[in-house]
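A short write-up of the structure that comes next.
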Amino acid sequence: MGKKYDYLIVGSGLFGAVFAHEARRAGKTCLVVDKRNHRGGNIYCEDVEGIHVHKYGAHIFHTDNKEVWNYVNSFVEFNRYTNSPVARYQDKLYNLPFNMNTFYQLWGVTTPAEAQARIEEQRAEYAHITEPANLEEQALTLCGKDIYEKLIKGYTEKQWGRAATELPAFIIRRLPFRFTFDNNYFNDAYQGIPVGGYNVLIDALLEGVEVRLGTDYFAHKAELDMLAGKVLFTGCIDEFFDYRCGHLEYRSLRFEERRLKVENFQGNAVVNYTERAVPYTRVIEHKHFEYGRQPHTVVTYEYPDSFAPGKEPYYPVNDEKNGRIYEDYRQLALNTPGVLFGGRLGRYTYADMDDTVAAALKLAREIF
Ligand code: FAD
Ligand code: UDP
């Protein structure tokens, strides 16, 4: 007897939603399940009196991939938001990424030649380190003591919960310096926030697709598997295989949200706190992503957190040890007929939204 659906899609995040849309377009029937009580995975926004609050961390869409940009724009219009975070160290503010504004704020230098000379002088102190063994050494040889101590060390140690001397160098191998007065955090050609928030994008992708929320795949696996010919799984791959090759490590986050009776709390969507002594890494003021004019505001304090079962696995820890474990799971996945693995958790990869869309489109194209 034929099954009710062609595909069971576990996870209504961006990967699952793009795949579901493409499957439907190809004439396939899909059932999407998600254990959360909303769609959209980590790009989900909650409407708090007209402000779209990014519930799982700030999300800024940016890409160099024109096809992906055209694809998402076919579902929703994007505004002209350009990410330009401000870093706060003690009581001073610095522009990010490291550019002429930052160099002026750090050293009072006003021309690119002066800035370059100052950075060379700072780096020269660490010229004896020829092969950086850890993140601290890497950062010092790349940008010297001032930038490292004020803008990198504290933030990075909080974010990863480890001393910079215990972190792999590759995390900051590409620290961009810019000798122009340009505070745009990204180098990509396209950037913005969906007008009306990310839910508009997810709802458009999932239009006409059946979605069951509050449904954990593992709690109903036998009955759900009976419903569909094939499964696309976008949850944690180690959980799918019942941790038989070991637990993959993740880094988690904790969010503290506050609604404030002020119109404008910090004047920017993103302010990073780069000092170790401040326990949070950043404060997000959501209305600024969409140029909101509400009389009130909503801010979120973001605290890095260790991961444990029951917490959200926000970041994969892509070091060598986890890379080996993931490789074992990837081999298992290749030998699991009828099940596709996709997305950030299914492939244990730190993929931005544009990479996620591109990967889902690629998979859909291979199949349909
Ligand atoms: P997810 O969004 O995680 O979706 C997976 C879904 O599967 C979830 O809804 C989950 O509930 C569900 N699920 C898992 N297990 C089960 C189960 N057993 N049963 C049922 N459902 C299950 N990208 C950018 O481009 N720009 C940014 O600024 C940016 N900022 C980010 C900030 C943070 C803090 C994080 C963590 C990520 C950020 N990203 C950003 C990356 C972006 O979030 C991802 O690219 C994208 O959301 C991945 O989509 P996904 O569908 O793979 O995963
Ligand atoms: N970083 C830093 N200072 C900052 C912001 C970032 O040192 O003010 C470093 C830190 O090591 C972090 C990495 O850059 O883990 C990437 O940060 P980004 O904000 O670009 O990425 P996200 O955390 O949003 O994935």
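The values are calculated or read from the model by the stated rules, or taken from the named source; none is laboratory data. The structure displayed is predicted, hence computed values, not measured ones. Neighbour counts are summed over all protein chains in view; Cβ atoms, including those assigned to glycine, are modelled from backbone coordinates with ideal geometry.
Brief remarks on what is shown
- Answer from Ile119, Ile129 - the residue that is β-branched (Val, Ile, Thr) and either within 16 Å of ligand 1 (Cβ to nearest atom) or touching a helix residue (DSSP H, G or I) at 6+ places or on another chain (Cβ under 6 Å) (or both): Ile129
- Test for Thr349: is it surrounded by 14 or more Cβ atoms within 10 Å (Cβ to Cβ) and without any contact (Cβ under 8 Å) to a residue 60 or more places away in the chain: yes
Listed here are the residues, each with its yes/no results for (1) more than 8 Å from ligand 1 (Cβ to nearest atom); (2) outside any loop (DSSP other than H, G, I, E, B).
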{"site": "Asp6", "(1), (2)": "yes, yes"}
{"site": "Ala17", "(1), (2)": "no, yes"}
{"site": "His21", "(1), (2)": "yes, yes"}
{"site": "Lys35", "(1), (2)": "no, no"}
{"site": "Glu46", "(1), (2)": "yes, yes"}
{"site": "Val53", "(1), (2)": "yes, yes"}
{"site": "Ala58", "(1), (2)": "no, no"}
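- The set of residues from the range 257-303 being assigned to a strand (DSSP E or B) and without any contact (Cβ under 8 Å) to a residue 60 or more places away in the chain comprises Arg258, Leu260, Val283, Glu285, Val299, Tyr301, Tyr303.
- One residue from Tyr314, Tyr291, Tyr301, Tyr350 being within 21 Å of Arg258 (Cβ to Cβ), among the hydroxyl-bearing types (Ser, Thr, Tyr) and within 13 Å of ligand 2 (Cβ to nearest atom): Tyr314
- Flag for Asp242 being assigned to a loop (DSSP other than H, G, I, E, B), closer than 30 Å to Ala139 by Cα and modelled with pLDDT of 95 or more: no
- Any hit, the range 73-86, residues being in a helix (DSSP H, G or I), modelled with pLDDT of 95 or more and surrounded by 12 or more Cβ atoms within 10 Å (Cβ to Cβ): yes
- Test: Tyr56 is within 30 Å of Arg259 (Cβ to Cβ), hydroxyl-bearing (Ser, Thr, Tyr) and within 16 Å of ligand 2 (Cβ to nearest atom): yes
- Count - residues of the range 325-346 that are in contact with a Gly (Cβ under 9 Å, 6 or more places away or on another chain), at negative phi and loosely packed, with under 13 Cβ neighbours inside 10 Å: 0
- Near pairs, Cβ below 8 angstrom, 6+ apart or cross-chain, from the range 23-50 (among the polar types (S, T, N, Q)) to any residue that is loosely packed, with under 15 Cβ neighbours inside 10 Å: Thr29/Lys4; Asn37/Leu213; Asn37/Gly214
- Residues that are assigned to a loop (DSSP other than H, G, I, E, B) and either away from ligand 2 (no atom under 13 Å from the Cβ) or acidic (Asp, Glu) (or both), drawn from the range 60-72: Asp64, Asn65
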